[in-house]
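First up is the structure itself, then whatever we jot down about it.
The values are calculated or read from the model by the stated rules, or taken from the named source; none is laboratory data. It should be emphasised that the depicted structure is a prediction, and the values quoted were computed from it without experimental measurement. Neighbour counts are summed over all protein chains in view; Cβ atoms, including those assigned to glycine, are modelled from backbone coordinates with ideal geometry.
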Amino acid sequence: MNTHAEGAPVAQPESFAFTAENIERAKAHIAKYPKGRQQSAVLPLLDLAQRQSGGWLPLAAMHAVADMLEMPRIRVYEVASFYTMFNLRPVGRYLLQACTTTPCWLRGSDAVVAACESKLGIGVGGTSADGLFTLVEVECLGGCVNAPILQVNDDFYEDLDGASTEALIDALRAGKTPPPGTVLARQGSAPIKGKTTLTLMPEPPAMQAALLPGAAGETAKETGDAG
Amino acid sequence: MPKVTIDGQEYEVAAGTTILQACQQAGIEIPHFCYHERLMIAGNCRMCLVEVEKSPKPVASCAMPVADGNVILTQSEKAKKARNGVMEMLLLNHPLDCPICDQGGECDLQDQAMAYGFDRGRFEENKRAVSDKDFGPLVATSMNRCIHCTRCIRFLTEIAGVEELGATGRGEAMEITTYVERALGSELSANIVDLCPVGALTAKPYAFVARPWELRKTESVDVLDAVGSNIRIDSRGAQVLRVLPRLHEDINEEWIADKTRFAHDGLVRRRLDRPYIRRAGRLVEAEWPEALDLVAARLRSVPGERIAAISGDLCDAESMYALKELLHGLGVANLDCRQDGAKLDGGNRASYLFNTTIAGIERADACLLVGANPRWEAPLINARLRKRHLQGGFRVATIGPTFDLGFPVEMLGNGGALLNAMVRGEHSWAKVLLGAKAPMIVLGQGALARSDGARILGAGRAIAEGFSMVRPDWNGFNVLHRAAARVAGLDLGFLPGPGGKAVAAMLEGCRSGAVEVLYLLGADEIDLKDIGSAFVIYQGHHGDRGAARADVVLPGAAYTEKDATYVNTEGRVQLARRAVFPPGEAREDWTILRALSGALGRPLPFDSLPALRERMRAAHPVLAHIDQIVPAEWGNFGAIGTVGSASFHYPIGDFYRTDPISRASPTMAQCSEAFGALPDTQPRTGTHG
């Protein structure tokens, strides 16, 4: 599981300052809350800080958020360490979050994790030598219909197996961004072999049917659209 | 008022009472860990579960207000089973290290496990391990034992006002930590040791020293500041092993400052345990009769006006009274108890008391601090100010150097000019005082010890009268003392008599030869380096500044070693009790003075402590009102005139080293190193305290 378990000390950058653009964004978040309750904006501000810092939250960034929201630093540490989506140590450019909860596991998440490990030469929790990839195991990502899932930064890649995972990593390594979503030929989470249900237009209500031009009681015609 | 039925009996309780409080009022003990009556309710230990009829699940009684008609079962099968389950869960990760745990014998978890624990563990997995944290020189941590009640976090956040401790991580990974390694920067930090219901936070200086059942417990009062915190002294044999707070709602509630708690290890170091006489420039050991005869001979050999006496910050009322009687008999008028040179005199009791009283702070709605840093001079008064701040509608401003008191304070600036403007009502903050219903002003020793202290006192009186701070129902004029002996000294009139010299004049007299014999009763806060050839008698308990210059040393008793009377800054008279005997040849101070009077051939008219107290109380009736506040009559005091424009300085440069006991304490030395001193303080010269 992706936790904030202790490890070797992290080299912390000396300072952190929001970019002008992010300051505007931060102000917009703060403005959503009544005066004196600006601390409520801590989550979006930490997210901004994490994105600006390359995917992790240095202490200096947390301090900047604490100062901006006029809250004690420890309260920011508490929030940042509570949510596993905040990374308190540096990560690669691509954070690979493999879901290994039961549905994904049943559908072959072990193969996905193994493919990542062998392809990148790292274990779970490790960062590849080129600094591009960090692999972590996470709990349910909520995409069980398309299990197994690998989340890369903000995007879900779905219906993976060993081979498609390797292909995905190759593409990422080559600087490409494959379209997120399922890697199979299907729409969303619809069945791969075409619809198996809702294949007919439902019968309209009797009154509406009576108003329609043509005979009442006509059978709804087949409407199935492509795949 | 809601009516509730608890275990079959009907009670009526105030609306808003929680179920746990209602049960306590009914005399039913509900087990709990996280609940503490002085802290916000957290409701996270789940130990206080009770069964409430019509409620589908057991209810955490600490966080549930009573509703009319509640039927509460505290001892039902369901409630007991729920508590047993909670206890088993709490013990899952709790190490079985009671034999090596300092909390053993006074541990809530241990006690409650006796009632609710299972006789074996069913948890087969590894227990979690948590690294210990470094909270500085006072609080030792053993975080494996932590049950996450969060009392320590809530205390530091709510009462001490330092938001430094928190709970990071979640679930199994949750830890109580400062996150970045740092000591807890609060003068009240060690109270979390008392609050911790398990052995996760223990006292570092007391680590592996004793078990609670070995200790003799003595109820007494603290003298390391002028608050008069009620304490319990735990001793074994001849040594004080620890000091704990004792409940007193009107003074310290149930907290004490770190110095009060940990400076006692200074009581066994640098002690004067036998009389000494200076021979050929060196202090050599002597016998009592020899030393007393020498002192008596010197006192007899000079006329009264060439003798002077100064009493120190830790002196009890009895010894000051005895010394005053003794010297008055010799015609000595040069007496002074104001080592720091504060311009207070004993004429009007209201002029030198904290008249509002500590508990009275909670009724104030505006407070002006002048040259006072309550966080260091009286940490528990600062805690009370903060408590009042949290209740809302309370403005505090300070004239003096900028300092963080742990709650918002309006820094008006520094210097006497501001005080003058305030007296004339020209300062913008005067409007705040004018609009307040119960305004108060606090004059610190940093202001009163200045050369224009009398005018500052007068300005304080003018402000108190001008802003209607003195009314039959309210007195907002306060002097914040920092020496436990000072109020008693002023009450007893241990002050220059007609034609007598004050401290600065006495020292000047020593230099010029006008004073030939100087009697120091525990006076260590004065500069004795350059006082000519005066014969110095030092009576006290520590080999500090006074003893270093002395020609004769008479070893006395520290506050843990005598039955004595002290008066705190509010004017509350309290009795300290002897926990251990003075070391070696040292004696209780009044007995030394009684013996000296015998050697002088003018025996003091008392042979026992009760007889002394009877005489003292007859002469100074205010000292007979034990643990009571006697409202002081308002009157005329202070000098009229413009206050000098110089800046104020706080009198304490280092909170952890203010008196002979704390200066001798290795623990306080470590604190001093860890937390540092205040940069902007008075230079340590002259009669600085």
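Please list, ordered by residue number, the strands (runs of 3 or more DSSP E) wholly in the stretch B:279-392 having 2 or more residues that are under 22 Å from the mean Cα position of the chain (by Cα). Before the answer, list the steps.
On the way: elements: B:282-285, B:307-311, B:334-336, B:366-370.
So the answer is B:366-370.
If you check B:Glu187 against the conditions, is it crowded, with 17+ Cβ neighbours inside 10 Å, assigned to a loop (DSSP other than H, G, I, E, B) and free of Cβ contacts under 8 Å to residues at least 40 places away in the same chain?
Answer is no for this residue.
All but one of (1) buried (at least 17 other Cβ atoms within 10 Å of the Cβ); (2) not in a loop (DSSP other than H, G, I, E, B) hold for B:Leu434; which doesn't?
With (1) buried (at least 17 other Cβ atoms within 10 Å of the Cβ); (2) not in a loop (DSSP other than H, G, I, E, B) applied to B:Leu434, the lone miss is (1).
Restricting attention to the stretch B:507-523, does a residue exist that is aromatic (Phe, Trp, Tyr) and closer than 30 Å to B:His264 by Cα?
Among the residues of the stretch B:507-523, at least one is aromatic (Phe, Trp, Tyr) and closer than 30 Å to B:His264 by Cα, which makes the answer yes.
Within the stretch A:26-71, how many residues are part of a loop (DSSP other than H, G, I, E, B) and either within 14 Å of chain B (Cβ to nearest Cβ) or within 13 Å of A:Ser15 (Cα to Cα) (or both)?
6
Do the conditions hold for B:Glu181, that is, is it within 14 Å of chain A (Cβ to nearest Cβ), surrounded by fewer than 23 Cβ atoms within 10 Å (Cβ to Cβ), in contact (Cβ under 8 Å) with a residue 24 or more places away in the chain and outside any loop (DSSP other than H, G, I, E, B)?
Criteria not met by B:Glu181.
Regarding the stretch A:76-91, can at least one residue be identified that is within 14 Å of chain B (Cβ to nearest Cβ), farther than 21 Å from A:Asn153 by Cα, assigned to a loop (DSSP other than H, G, I, E, B) and touching a residue at least 12 places away in the same chain (Cβ under 8 Å)?
no
What number goes with the only condition from (1) under 30 Å from B:Pro2 (Cβ atoms); (2) touching a Pro at 6+ places or on another chain (Cβ under 8 Å) that B:Lys80 does not pass?
B:Lys80 satisfies every listed condition except (2).
Scanning for something hydroxyl-bearing (Ser, Thr, Tyr) and away from chain A (no Cβ under 12 Å), does the stretch B:117-139 turn up at least one residue? Full working, then the answer.
Just the residues of the stretch B:117-139 that are hydroxyl-bearing (Ser, Thr, Tyr), to begin with: B:131.
Applying the additional criterion that residues be away from chain A (no Cβ under 12 Å) yields none.
Within the stretch B:117-139 (the criterion being hydroxyl-bearing (Ser, Thr, Tyr) and away from chain A (no Cβ under 12 Å)), the answer is no, since none of the residues qualifies.
Listed here are the residues, each with its yes/no results for (1) among the small types (Gly, Ala, Ser); (2) at pLDDT below 95.
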| site | (1), (2) |
| --- | --- |
| B:Asp340 | no, yes |
| B:Tyr352 | no, no |
| B:Thr356 | no, no |
| B:Ala359 | yes, no |
| B:Leu368 | no, no |
| B:Ile381 | no, no |
| B:Val396 | no, no |
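Please determine whether any residue of the stretch B:229-238 is in a loop (DSSP other than H, G, I, E, B), more than 14 Å from chain A (Cβ to nearest Cβ) and modelled with pLDDT of 95 or more.
Scanning the stretch B:229-238 turns up at least one residue that is in a loop (DSSP other than H, G, I, E, B), more than 14 Å from chain A (Cβ to nearest Cβ) and modelled with pLDDT of 95 or more.
Of all residues in the stretch B:184-204, which are of a type in the set (A, V, I, L, M) and within 14 Å of chain A (Cβ to nearest Cβ)?
Once the filter is applied, which keeps residues that are of a type in the set (A, V, I, L, M) and within 14 Å of chain A (Cβ to nearest Cβ), the stretch B:184-204 yields only B:Leu184.
Give the stretch B:159-178 a look and list any residue that's part of a helix (DSSP H, G or I), facing another protein chain (nearest Cβ under 9 Å) and of a type in the set (A, V, I, L, M, F, W, C), or say none.
Within the stretch B:159-178, B:Ala173 is the sole residue that qualifies.
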